[in-house]
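Below is one structure; the comments refer to it alone.
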Amino acid sequence: MNRKTFLKQTGLLAAAGMFYPALSHATRISMPKTNDDIGLQLYSVSGLMDADAKGTLQKVAAIGYRNVESASGLKGLYYGYKPKEFSNMVKDLGMTWRSGHVSGVPFTLPMLMKLATNAKDSAQIKKYAPMIERMPKGANLQDNAQQLADEAAEGGLEYLVCAAIPTKTMDDVKIAVDVFSKAGEACKKAGVQFVFHNHSFEFVPINGVLPYDYIMANTDKDLVKSELDLGWATVAGHNPVDIFKKYHGRIPLWHVKDMDKTTKEPTEIGSGYVDFKPIFDASHKSGMKYFFVEQDEPPKPMENVTNDYNNLKKVLS
């Protein structure tokens, strides 16, 4: 190819990228090293991790997942291992431990039931009682931020994530802002990025103010970032793409979660009503680095996360 032809062809490619930026970016996202970018939030297989962490991770790797995000289990945050031990085990299986979920405050079931304002809230809290009970009572960001940040660094994590924190009242939200700000400082000291994960509550207005917006507006954009749960945001009536535009570059992590149209509960990817294609096409607005499949309390965990993986591959192809 001569210089004139080369310049002509590369110029056309550049122009195509200029006029079709979404298509150009979608192509980069759609074919990430033969889908090596697909991650799994291990809460999706939490019972199996409690019973046999290594054996479960072997099966997760065999499905094709290459990134994992940890969650607390009956044996603690690292499934009975030290952070570096767990990281090495994941690495030996050909995967990478990218991020870990920890509690924001010391959650207890009675505390959450007190926050419930109606029968539906109470039923939701009872449904997730197993997750609440698994949260280590002695390790939380309110009391142990630097310890958790240092352990994340020891495990080689890029992100430390607040899994959940009450946001039902403005007093709750202001506590969250304080906890997140201190956690962000602790993580910066340890060389880790702090991120918070949402449920639907963060998108329910309190006196006309969304807790999510209040948290984002009252924390440092460099110290506190967001892991957007696409499913819970959608259920709350918010388009993830609009959130990306509003907080451009501040949402490096996603939970890829589909939701049943009738029950508004998590279901297998492809079985619900979340439209993932335009969300992935707008990933550059989010600043997304990693995304993790999550299906809360699935009935057949390994079968379900296998179907999630295969169905997501179709979306990305």
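Only residues that are open to solvent by 20 Å² or more (accessible area, probe 1.4 Å) and touching a helix residue (DSSP H, G or I) at 6+ places or on another chain (Cβ under 8 Å): list them for region 255-268, please.
Within region 255-268, 264, 266, 268 qualify.
Among the listed residues 262, 267, 306, which satisfies the condition of being β-branched (Val, Ile, Thr), out of contact with any Gly (no Cβ under 7 Å at 6 or more places or on another chain) and without any contact (Cβ under 8 Å) to a residue 12 or more places away in the chain?
262
Would you be able to tell me the number of residues in region 156-180 that are in a loop (DSSP other than H, G, I, E, B) and surrounded by fewer than 21 Cβ atoms within 10 Å (Cβ to Cβ)?
So the answer is 5.
So if I check each of 286, 271, which one is hydroxyl-bearing (Ser, Thr, Tyr), touching a helix residue (DSSP H, G or I) at 6+ places or on another chain (Cβ under 9 Å), modelled with pLDDT of 95 or more and within 30 Å of residue 188 (Cα to Cα)?
Only one candidate passes the filter, namely 286.
Of all residues in region 217-242, which are closer than 19 Å to residue 99 by Cβ and buried (at least 20 other Cβ atoms within 10 Å of the Cβ)?
The answer is 219, 224, 225, 226, 227, 228, 229, 230, 231, 232, 233, 240.
For region 51-81, how many residues are surrounded by fewer than 21 Cβ atoms within 10 Å (Cβ to Cβ) and part of a helix (DSSP H, G or I)?
So the answer is 9.
Which members of region 243-254 meet the condition of being open to solvent by 10 Å² or more (accessible area, probe 1.4 Å) and not basic (Lys, Arg)?
243, 247, 248, 249
Is it true that residue 281 is surrounded by fewer than 22 Cβ atoms within 10 Å (Cβ to Cβ), acidic (Asp, Glu) and either at pLDDT 95 or above or in contact with a helix residue (DSSP H, G or I) (Cβ under 7 Å, 6 or more places away or on another chain) (or both)?
So residue 281 passes the test.
For region 181-202, how many residues are within 16 Å of the chain's Cα centre (by Cα), in a helix (DSSP H, G or I) and at pLDDT 95 or above?
1
The values are calculated or read from the model by the stated rules, or taken from the named source; none is laboratory data. Note that this is a predicted model, so its numbers are computed, not measured. For neighbour counting, all protein chains shown are included, and Cβ atoms are generated from backbone atoms with ideal geometry for every residue, glycine included. For accessibility, only protein heavy atoms count, side chains too; no ligands or nucleic acids. Shrake-Rupley method; radii C 1.70, N 1.55, O 1.52, S 1.80 Å.
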